[in-house]
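Quick notes on the structure that follows.
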Amino acid sequence: MTPHPPLPADDEPTIAEVPQQDLPLEVPATPAQMRMAQRQNGSDDTFPLVALGGSAGSLKAFEQFFRHMRPDSGMAFVVITHLSPNQESEMAAVLQHFTSMPVQEATDGLKVQPNHVYVIPPNRDMSILHGTLLLFAPTQHESRRMPIDYFFQSMAKDARERAVCIICSGMGSDGTIGLKMVMENFGMVMVQSPETAEYDSMPRSAIATEFVDYVLPADQLPDKLLEYVAQPLLARPRREVAESNSKPAHALQKIFSLIRTQTGHDFSFYKRNTVFRRIERRMNSHQIREFTQYVRFLQENPAEVDALFKELLIGVTKFFRDQEAFDNLKARLMPLLRDKPVDSVIRVWAPGCSTGEEAYSLAMCLFECLEAIEENRYLKIQIFATDINKEGIDFARVGIYPDSIAADVSPERLNRFFTSLDGHYQIKKEVRDVVIFALHNLTKDAPFTKLDLLVCRNLLIYLSAELQKSILPVFHYALNPGGLLFLGPSENLNGFQDLFSPLDVKWKILRRLEGPSVLSRILGFPFSMTQQPATHAPATDSMLSNSIRKDGTFATLVQRVLLRQYTPPAVVINPVGEILYVNGRTGRYLEPAPGLSGMNIFEMAREELNYELSAAVHKAASSRQDVVAENVKVKTDLGVQLLRVTVKCLQEPDQLAGLLLVVFEEQPTPRKVRLGHAALGTELSRDAVVAQLEKELQYTKHRLQTTIEEMESSVEELKSTNEELQSANEELQSTNEEAMTNKEEMQSLNEELMTLNMQYLSKTEELSLAANDMKNLLDATEIATIFLDNDMVIKRFTPRVNRIISLMPSDVGRPITHFASTLRHENLAQDVKRVLDRLVSSETNIQTTTGEWYAMRILPYRTLDNYISGAVITFTDITGLKNLEAQLQESSRLAETVVETVREPLLVLDYQLRVLAMSQSFGEMFGLNTAGAKGRPLAELDNGTWQQPELRERLEAILKAPGTSFDDLRFRATFPNAGPRELLMYGRCIGGEQATSTKLLLGLRDVTAGVE
């Protein structure tokens, strides 16, 4: 068991203690509370931007999220869902019920503000640039669109570390690619826990990337988000300071040591800025403020070391990344494949393959290229795909990818190279067989050799300049002559332009070059075969010096120029003096320099020519004009010879543009000058020697001064440029690998759209059905109803109201007091106000001017939440009841008149045996007041004389069995006003079928006299 490195001492400096002398003093650290306050009042343009993505079932998650999110959080929220393209969206109105923040549907050019919620409109793709929402008409079929990925990617580039993406319930895998870019740009990724999601496909796809910071239920996400935003690691040093230090802090070295101990991989040569950001992400997820605390946390939690290792790998890739780049690569590969011998092997190496998408993309491109070659030639493909991530290699070997790759792979390629497998796509065996996946560390393991193509895209941008300098020569060594190197759009050769010739500058497709300087770099020789600094040669000149000398037409072109202008000996050179072509006999003027030197005119020129030749070439190269040096003396075997040295700038043809033609022309030399050879250097006068030396000294001083001024100017410009771009370069270089991918097609899943659409249609149908039921209910009751708000403004009414108040549909929204009614009632408004004030109902019967009667009832309008939101007035037509009541009253009066005027003693009783009517003869017989007896119980008449059990039983029997009767009931009693009497009584039931409406008719005949 390998022991952990010792814990840092308390007095050791942490990264937070690194001096910040390079920072501007006017930018102090801002407390989290001040940043939150700035975000809340909108004065801070760097507020967090939170994007929530979901499809089927996400509405419930959005409701839980916004109900628990503070309305003054200082964050802006953007909701992206899969909506039906042919139906208006009510998402903004629905979400408004869940939050007090303003919710609006996004419009083109809308500026995002904190404490606002923006919803994507239907049938639109949405992106964000400089905080402004931009809408685009979809270019993809509905089944291939992925609006969540589209917005996440643009948000990652625009908001960078301020970006937060949240994946909620949904089907498919939309958002998986976008969250990787959010993570890559140092944003934060949250996912609704799959157990709480109605559809867990999208959350599980996001979690499978291992780039997720938090997985929580939807109602717990707001608290964690607020905690993340309100408590940033303010004590951490600025990245520029940490990057600028030549000696990193001990804590960082200990982190590298822990990673190397556990994984065997050394990240100390990775770019510090990228490493710092990845470590900060892990520290932020655990709310750790100090690097020394994080070191201890790593020691105590080996699983965190693995998590940090995976974080540093940054495995962001996809199929056919930059489709245009792969199309150009295929065009460059075609000539190379045609030149391959029959039955030979095409060897390709893809270091940093991650999960294999790029390696399989290369395999598909090679298969397509071989099919396009007309010649019937068999070539074998062998692709080596390597990476240091074992899990990524294992995943790539299986070759099973989610169905979201349909956004990057054309349908033709899906049918040709993939097999559909339970909602996934698997690479076919014929493609998997040509790709060999292996664990390989580019920085320490031996490279693959004899390659025709080497693809290393967006890997070098994460490595330091020192590591890149050791890797690029290895790439050159691994490639065959004429082999291709395919880099990412953000990567460059970093001073190794003489190793490769660019074929496509935009997409960084290069061809391997040969040359003497290349061998020394690869073998690690401490000297250069040209014995000159490489920094003097521009890229085009260095490449021309190694490439165009092999071209057979080059000699023809040079000779054509020489024959047209000169015939004397001449050489063609580049601005730094490298000889590219020699014409004629130049041995009298040029000779090989001793040692391992190259073909450089300044090293090969004879001593007498060196001064004049150097001056002429320098002047011609700087001024781009022809220069002629007359009467230049050169020592030969026959004496001193005068020369005319001409340096001509070549402008055409294009292959020779930028080169220099140096011509040596012998001039007539006086005998005196030629014979002066014997005394040259010994017999010249002292003044002549001094004059010549002074001339050379002045030239040297002039060249030195010019060189110093140019050097100072270049240094100042480079320093200024470096200071301006260093920070931006470090921040952008890690994400520039995705800068050229914005033109990629986006996709969406039709199943998600249909699912969400069905939910909305179901809700709409339910509301429509409820509305229809309510309308038919109100129409069936034929009750005139008016709905008012708290200001007595009409909200709606039923058609029956027109018989009382003349209302039209356009009158909705006007106060009820603006309309006249046919009611004989002038206090309608006061009654409504009384009901709203006291919250008690009011009922009254009102007659109209047309003679109709209505029962008016006023009730408070209560919502489902028991809030009073106005009043309801109902008018029930009771005209028929009133007429019937009048008829009954008239009938009753008529019956009473008949009973009262009949000559026989009669008594009419109700169901309670109370007197309803009494005939005049009955009153006279017993001495009773007819009017005073009405309404009195029968048992109370004549002081209770009529209260006999037998009579009462007979009457109650008739009440219990309507329709029965009795006759000749003998009744004897002594009456106060009539004395002793013997009566024969009979009873009949009259009235309705119900007991309450039954009436009894009691008649009698006095038989007292007959008895006597």
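The values are calculated or read from the model by the stated rules, or taken from the named source; none is laboratory data. Values in this document were obtained by computation on a predicted structure and should not be read as measured data. Every residue, glycine among them, receives a Cβ derived from its backbone with ideal geometry; neighbour counts consider all protein chains shown.
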Taking segment 833-884 and keeping residues among the aliphatic types (A, V, I, L, M) and in contact with a Gly (Cβ under 9 Å, 6 or more places away or on another chain) leaves L836
Here the residues within segment 51-85 that are more than 29 Å from L761 (Cβ to Cβ) and assigned to a strand (DSSP E or B) are A76
From the option list G923, G927, single residue qualifying as touching a helix residue (DSSP H, G or I) at 6+ places or on another chain (Cβ under 7 Å), among the small types (G, A, S), outside the structural domain of T798 (by TED's automatic domain parsing) and at pLDDT below 85 is G923
Flagged in segment 490-512 as on the phi < 0 side of the Ramachandran plot and either part of a helix (DSSP H, G or I) or at pLDDT 85 or above (or both), in numbering order, are F500, S501, P502, L503, D504, W507, I509, L510, R511, R512
Per the list (1) at pLDDT 85 or above; (2) closer than 25 Å to D322 by Cα, residue check on L442 breaks on (1)
When you look at E652, is it modelled with pLDDT of 75 or more, acidic (D, E) and exposed (fewer than 10 other Cβ atoms within 10 Å of the Cβ), yes or no?
yes
Residue count, segment 86-101, condition in a helix (DSSP H, G or I) and either buried (at least 16 other Cβ atoms within 10 Å of the Cβ) or not assigned by TED's automatic domain parsing to the domain that holds A159 (or both), comes to 5
Filter result for T292 (touching a Ser or Thr at 6+ places or on another chain (Cβ under 6 Å), farther than 24 Å from N185 by Cβ, modelled with pLDDT of 70 or more and buried (at least 17 other Cβ atoms within 10 Å of the Cβ)): yes
Restricting attention to segment 288-337, the residues that are within 19 Å of F211 (Cβ to Cβ) and either in contact (Cβ under 8 Å) with a residue 60 or more places away in the chain or part of a helix (DSSP H, G or I) (or both) number exactly 17
Considering segment 488-509, residues that are within 18 Å of K330 (Cα to Cα) and out of contact with any Leu (no Cβ under 7 Å at 6 or more places or on another chain), and then whichever is surrounded by the most Cβ atoms within 10 Å (Cβ to Cβ), we arrive at G488
Considering only helices (runs of 4 or more DSSP H) wholly within segment 364-450, the ones with at least 3 residues that are touching a strand residue (DSSP E or B) at 6+ places or on another chain (Cβ under 7 Å) and of a type in the set (G, A, S) are none
Going by the structure shown, is V898 in a helix (DSSP H, G or I), among the hydrophobic types (A, V, I, L, M, F, W, C), surrounded by 11 or more Cβ atoms within 10 Å (Cβ to Cβ) and assigned by TED's automatic domain parsing to the domain that holds G932?
-> yes
For segment 191-203 the number of residues that are buried (at least 24 other Cβ atoms within 10 Å of the Cβ) and either within 15 Å of the chain's Cα centre (by Cα) or of a type in the set (D, E) (or both) is 3
inquiry  = Within segment 163-180, does at least one residue satisfy the condition of being modelled with pLDDT under 90 and closer than 18 Å to M75 by Cβ?
reply    = yes
Given (1) farther than 26 Å from N480 by Cα; (2) touching a Leu at 6+ places or on another chain (Cβ under 9 Å), V398 misses just (2)
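Yes/no per residue for (1) in contact with a helix residue (DSSP H, G or I) (Cβ under 9 Å, 6 or more places away or on another chain); (2) within 30 Å of G178 (Cβ to Cβ); (3) outside the structural domain of R511 (by TED's automatic domain parsing); (4) not aliphatic (A, V, I, L, M):
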position	(1), (2), (3), (4)
V342	no, no, no, no
I381	yes, no, no, no
A385	yes, yes, no, no
E391	yes, yes, no, yes
